[in-house]
Each structure stands twice: as C-alpha cells, then as structure tokens.
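Have a look at the structure below before the remarks.
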C-alpha cells in the first residue's frame, strides 16, 4: 500500500500516478478500474482531478518496491540535522529507484545513511522533496520527517526557494541577462521528453545571466522561478542554446561520453522548517565540469 498527499498539483488522477509512481499507463488504469485507488477514502474515476491536500491511497503491493534496498554508497553531505539533509549529488546518479533501475540511486544511499526519511512521496521516494536529473550534478534537500517535507514542499510551491544553476551552453548569448517565459508540457511525439507547448502545459520561467563567453559557447547562471521537469534544458534548447553534453535536448556532439550534461545545481536556499531561519548552500562544479570548461576556454 502507498499513501500520497497532494501538495502542489492539480491534474487528472491517472496522470498524477503515472508521474509520481513511474508506473505504466496500463498499470495505472487497471489500479483505478479495480477500485484500488482511493482519494480521501473514496473510489474515483481516472478523470478525477487531484487537488491540494487530497490524500491518495493505492491499495496494491506494487511488487517492484520490494527491490528497494539500502546501499552503502558514499554521500557528499553539505548539511545535516534532525529534520533534513542537503546533499551534493554527483552527475550520473539517479535520484530515486524506478522500474528497471532499482540500485545505485540517491534513495538507496539515503536509506543506508538515515534511520528515518519522510514518507509523503511514498515508499519508492522516501525523503525526496524535489529532484534534479540523473546527469545533472548539485544540491538538493532531503526531508527526514513528514513535517519538514510538507514545509519544504510548500516553499517550493510558493516559489520562495532559491535555486541557482550553472550551465555551459552551445553558441554565444549576446544579451547579458534574459528571462525565458515559455510554458512546458509533455512532448506528444516522445513521452520521455518535455517541450515548449501550449497544449496541457504549465507556466515555466527561467532567468539567465551570462557569466563568461567563449568562441562558440557561453557559461551562464540560471535561476528557476518555477520547477518544471527538465525546465532549464528545455528552455535553453528552445532559444537555440542547448546545454553542452545534453543527450536528449542538445546537439549530437558530446565532449565527454562519461560525463552528463554541463548543468550543475550550484545554490540552494530555503527557510528551515523548524528554526524558521533562512539557510543557503553552495557547491562548486565537479572536477570533470571544470576540465571540459577549460577546453572551451582554450578553444580546443
């Protein structure tokens, strides 16, 4: 059985479970049709639109969850207390397990490190308040209890969390600063991709600032005002400056096949859920990021 509490989404229940639990659409449809999905203790149809504070219970063992195990994987912990951790995730590490990828994730490592993690996002995503892509490095906050999780999630929903990224993109951006305000939704031709579209999309806003220009690339800072899936990568591709090394939204040229996209979550700031004090953390880009950057500086 899985229990989910809706914090900031308003969408159809079938899409919500598809996104949250990484299940196939057919599996989600069967669960709903069999009456195994309850919202606020009531059976619903797949057309039901979930609302903030809805409590969803999926009455199914979802057999893939039994494969979720604690693993002794080193973590780069920037900060930790009784309520939360701030972790500097390496490029290449998946945040949480999903069908076909049960081991070596951040969650596996967290389960080994912590005795308690929040349960709001279900058994497959304990502690996970927000995510960054597998091939993106950098900071994310993890909740150790549900109270901290709900407070942190509310700050994300209210857009009060500071999230700054550093990215190396193809081409030279002439403007010193810019704002990309373009809605993002699922790509109809490829369900694994997102795109700028007016169909079934949500508002997405990214602020960018040029840090350094090279012969055929630009190092920029990206500040998220919203947090849509793949937002920075989609927005930068949309303005024809895709992230270097991005295997999905970028060019075919890969500068280092063993390193992910040149995108790093550098700064993370939020109000502590218990003390009420604002906290901000910074993490330098990985060594491999610096090595690739040096090639562009030297025009190699």
Looking at the stretch 151-166, which of the residues that are more than 14 Å from the chain's Cα centre (by Cα) and part of a strand (DSSP E or B) is modelled with the highest pLDDT?
166
Go through 210, 169, 223 for me and flag whichever is over 16 Å from the mean Cα position of the chain (by Cα), assigned by TED's automatic domain parsing to the domain that holds residue 262 and either surrounded by fewer than 20 Cβ atoms within 10 Å (Cβ to Cβ) or assigned to a loop (DSSP other than H, G, I, E, B) (or both).
210
Checking residue 8 against (1) over 22 Å from residue 103 (Cα atoms); (2) modelled with pLDDT under 75; (3) surrounded by 12 or more Cβ atoms within 10 Å (Cβ to Cβ), which test does it fail?
(3)
Result of the Cβ filter at 6 Å on the stretch 46-65, keeping first residues that are closer than 15 Å to residue 120 by Cα and partners that are modelled with pLDDT under 85 and surrounded by 18 or more Cβ atoms within 10 Å (Cβ to Cβ), at least 6 apart or interchain, is 52/6; 54/6; 56/4; 58/2
With the structure loaded, tell me whether residue 232 is assigned to a loop (DSSP other than H, G, I, E, B) and crowded, with 19+ Cβ neighbours inside 10 Å or whether it fails that test.
no
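Just to check your reading of the model, which residue among 190, 200, 174 is in contact with a strand residue (DSSP E or B) (Cβ under 6 Å, 6 or more places away or on another chain), part of a loop (DSSP other than H, G, I, E, B) and free of Cβ contacts under 8 Å to residues at least 24 places away in the same chain?
Details: 190 fails: in contact with a strand residue (DSSP E or B) (Cβ under 6 Å, 6 or more places away or on another chain); 174 fails: in contact with a strand residue (DSSP E or B) (Cβ under 6 Å, 6 or more places away or on another chain).
Result: 200 is the single residue among 190, 200, 174 that is in contact with a strand residue (DSSP E or B) (Cβ under 6 Å, 6 or more places away or on another chain), part of a loop (DSSP other than H, G, I, E, B) and free of Cβ contacts under 8 Å to residues at least 24 places away in the same chain.
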Taking the stretch 128-150 on its own, how many of its residues are crowded, with 21+ Cβ neighbours inside 10 Å and over 13 Å from the mean Cα position of the chain (by Cα)?
4
Residue identified as in contact with a helix residue (DSSP H, G or I) (Cβ under 6 Å, 6 or more places away or on another chain), crowded, with 18+ Cβ neighbours inside 10 Å and at pLDDT below 85 among 17, 84:
17
Starting from residues that are closer than 16 Å to residue 161 by Cβ and in contact with a strand residue (DSSP E or B) (Cβ under 9 Å, 6 or more places away or on another chain), keep the ones in the stretch 275-300 and report whichever is surrounded by the fewest Cβ atoms within 10 Å (Cβ to Cβ).
277
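The values are calculated or read from the model by the stated rules, or taken from the named source; none is laboratory data. Quick caveat: nothing in here was measured; it's all calculated off a predicted structure. Backbone-built Cβ (ideal geometry, glycine too); neighbour counts: all protein chains shown.
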